[in-house]
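Undergrad: Pasting in a structure now, in C-alpha cells, and then I'll have a few things to ask.
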Amino acid sequence: MLGTDDAALVERLGVKVRLVRGSEANFKVTTPEDLTLSQALVGAQEVRR
C-alpha cells in the first residue's frame with residue numbers, strides 16, 4: 001500500500017485521523033538540517049542540567 005505518510009495509510013483503512021497538539025521540539029528528523037537542529041536542541045538541554 002502506498003501513501004504519503006502514516007496518517008494517509010491509516011485513512012485508507014477507513015480510520016478517522018485527528019491532530020493532537022504537541023511540542024514543537026518533537027519533530028521528525030528527515031533532512032541534514034533537521035539533524036543539525038536536533039543536535040542543537042539536545043546540546044542546549046545538556047547545558048541546562
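Each value in this text was obtained by applying a stated rule to the coordinates, not by laboratory testing. Keep in mind the model is a prediction, meaning the values are calculated, not measured. Please note: Cβ atoms are built from the backbone with ideal geometry, for glycine as well, and neighbour counts cover all protein chains shown.
Undergrad: Could you work out how much longer the chain between LEU19 and LEU35 gets when fully extended? Use 0.36 nm per residue separation minus the Cα distance between them, nm to one decimal.
TA: Numbers: separation 16, 0.36 × 16 = 5.76 nm, distance 2.42 nm.
Result: 3.3 nm gained on full extension.
Undergrad: Between the DSSP loop rule and a limit of at most 12 other Cβ atoms within 10 Å, which GluC sites (Glu not before Pro) in the chain are left?
TA: Working: sites: GLU11, GLU24, GLU33, GLU46; in loops: GLU24.
Within the chain, the qualifying GluC sites (Glu not before Pro) (loop, at most 12 other Cβ atoms within 10 Å) are GLU24.
Undergrad: Karplus couplings for region 19-33 from phi (6.51 cos²θ - 1.76 cosθ + 1.60, θ = phi - 60°), rounded to Hz, Gly and Pro as x?
TA: Per-residue couplings from phi come out as 8, 10, 5, x, 7, 5, 6, 9, 10, 7, 8, 10, 10, x, 5 Hz.
Undergrad: Of the listed values [x] 14.3, 47; [y] 15.6, 46; [z] 12.6, 40, grab the one calculated as Rg and Dmax of the Cα atoms in Å from the structure here.
TA: Looking at Rg and Dmax of the Cα atoms in Å for this model, the match is [y].
Undergrad: Okay, moving on. Hey, what do the phi angles of region 8-15 turn into as Karplus ³J(HN,Hα) couplings, whole Hz, using 6.51/-1.76/1.60 and θ = phi - 60°, x for Gly and Pro?
TA: 5, 5, 5, 4, 5, 7, x, 8
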